[in-house]
C-alpha cells in the first residue's frame, strides 16, 4: 500500500485541486457536523460515518432490539405477530439517536442497563460497522463525483474513529481524503464534559479501557455486582477519562496521516472560502516543519 497521503499537499495544491476530499476527526460534539454545514450542499457530498453505520451495517440489529422491547408489551406483541404493524427507525444525519440507543449503557437492568456480555457484544458490532463504514469512503468519493456530479466530498467521521487503532483504515482514508483533526480548547473540553454529565449518552469504548474502568468503578463504590451500577452515573464518571484517553489517539493519527486545526480558529470562519484558506495555511505550516 502506498504511503502517499493528502496531508503532503501544499496549500496551493489543495486550493487548486478540482475535487477536494476531507475527513473530519474529533470528539462527538466538537463541531464536525456544524463545520460540514458551512460547505454548500450544491458542491459538497456529505458522508456521515454514523449514518452509514446505522442505515447499512447496524440496521437489522437496531430494528431487532426495538422489536424485542416492543414484544414485552402484550398489545404490541400481538400486532407484531399478526403482521398488523411494522417497525422502522428514522435515522437521519441529524438524528442518530437509534444508533446510540442500540449501543446502550451498562448496569442495573431496572434502569435500562445491559449486562457486560450484551454490552460488549454490541460494542463489537459497532466496531465492525465503523470499520466497514470507513472502508466505504473511497467508493462514495467515486459515487459523489461520477454518479451524483458533486465536485467535493466531506466525511463526517464518528467520534470513535480513533478507537479503531487500525493503521490500514487510517492510511486508506489519508490516501483518499485530507484528514483534519479538530483540536478542542480546554474550554471546549469542559463544555463537552458538562454536556455528558447533564445528559449522559451511550459511548463506544475500547474493550481493555472499558474492562479496566468498570472494574475500577465497582471497586471504588464497593459494589459486589454489576446490577448495583447506575448506568448514567457510570457514564458521568468515565467520560472525562475517555476524553483523556482519546486525545493522544487523535493527535497520533493527525501527526502521521493528517493535519491538526484548533477548533477555535474555525469558529468564526463561517464561509467555505475562509475554511479552505485555513486548511491551506495549516498544510503549508505543517510542511515547513522538519
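The values are calculated or read from the model by the stated rules, or taken from the named source; none is laboratory data. Quick caveat: nothing in here was measured; it's all calculated off a predicted structure. Positions of Cβ are backbone-derived with ideal geometry, glycine not excepted, and every protein chain shown enters the neighbour counts.
Considering segment 21-38 alone, what residues qualify as being crowded, with 20+ Cβ neighbours inside 10 Å and either on the phi > 0 side of the Ramachandran plot or in a loop (DSSP other than H, G, I, E, B) (or both)?
Result: 26, 27, 30.
Residue check: is residue 104 touching a helix residue (DSSP H, G or I) at 6+ places or on another chain (Cβ under 9 Å) and more than 21 Å from residue 250 (Cα to Cα)? So residue 104 passes the test. Confirm whether residue 132 is closer than 30 Å to residue 212 by Cβ, assigned to a helix (DSSP H, G or I), in contact with a helix residue (DSSP H, G or I) (Cβ under 8 Å, 6 or more places away or on another chain) and at pLDDT 95 or above. Answer is yes for this residue. Taking the criterion of being surrounded by 16 or more Cβ atoms within 10 Å (Cβ to Cβ) and in a loop (DSSP other than H, G, I, E, B), the residues of segment 39-72 that qualify are 39, 58.
One residue stands out in segment 193-219 among those that are in contact with a strand residue (DSSP E or B) (Cβ under 8 Å, 6 or more places away or on another chain) and at pLDDT below 95: the one that is nearest to residue 123 (Cα to Cα), namely 202.
Residues in segment 278-290 that are at pLDDT below 90 and assigned to a helix (DSSP H, G or I): 286, 287, 288. In segment 74-91, the residues that are within 26 Å of residue 51 (Cβ to Cβ) form Cβ pairs under 6 Å with partners that are outside any loop (DSSP other than H, G, I, E, B) and modelled with pLDDT of 90 or more, at six or more places apart or across chains, as follows: 85/79; 87/66; 87/67; 89/62; 89/98; 91/54; 91/55; 91/98. Quickly run through segment 78-96 and pick out the residues that are exposed (fewer than 14 other Cβ atoms within 10 Å of the Cβ) and in a helix (DSSP H, G or I). 78, 81 - these are the residues of segment 78-96 that are exposed (fewer than 14 other Cβ atoms within 10 Å of the Cβ) and in a helix (DSSP H, G or I). The lone criterion from (1) out of contact with any strand residue (DSSP E or B) (no Cβ under 6 Å at 6 or more places or on another chain); (2) in a helix (DSSP H, G or I) left unmet by residue 3 is number (2). The residues in segment 178-226 that are more than 30 Å from residue 11 (Cα to Cα) and part of a helix (DSSP H, G or I) can be counted, and the count is 24.
Residues in segment 233-277 that are outside any helix (DSSP H, G or I) and surrounded by 14 or more Cβ atoms within 10 Å (Cβ to Cβ): how many? Residues in segment 233-277 being outside any helix (DSSP H, G or I) and surrounded by 14 or more Cβ atoms within 10 Å (Cβ to Cβ): 6 in total. Here segment 144-158 is the region considered, the condition is being outside any loop (DSSP other than H, G, I, E, B) and in contact (Cβ under 8 Å) with a residue 40 or more places away in the chain, and the residue that is farthest from the chain's Cα centre (by Cα) is 145.
Residue-level check: of (1) modelled with pLDDT under 95; (2) within 28 Å of residue 153 (Cα to Cα); (3) assigned to a helix (DSSP H, G or I), residue 175 misses just (1).
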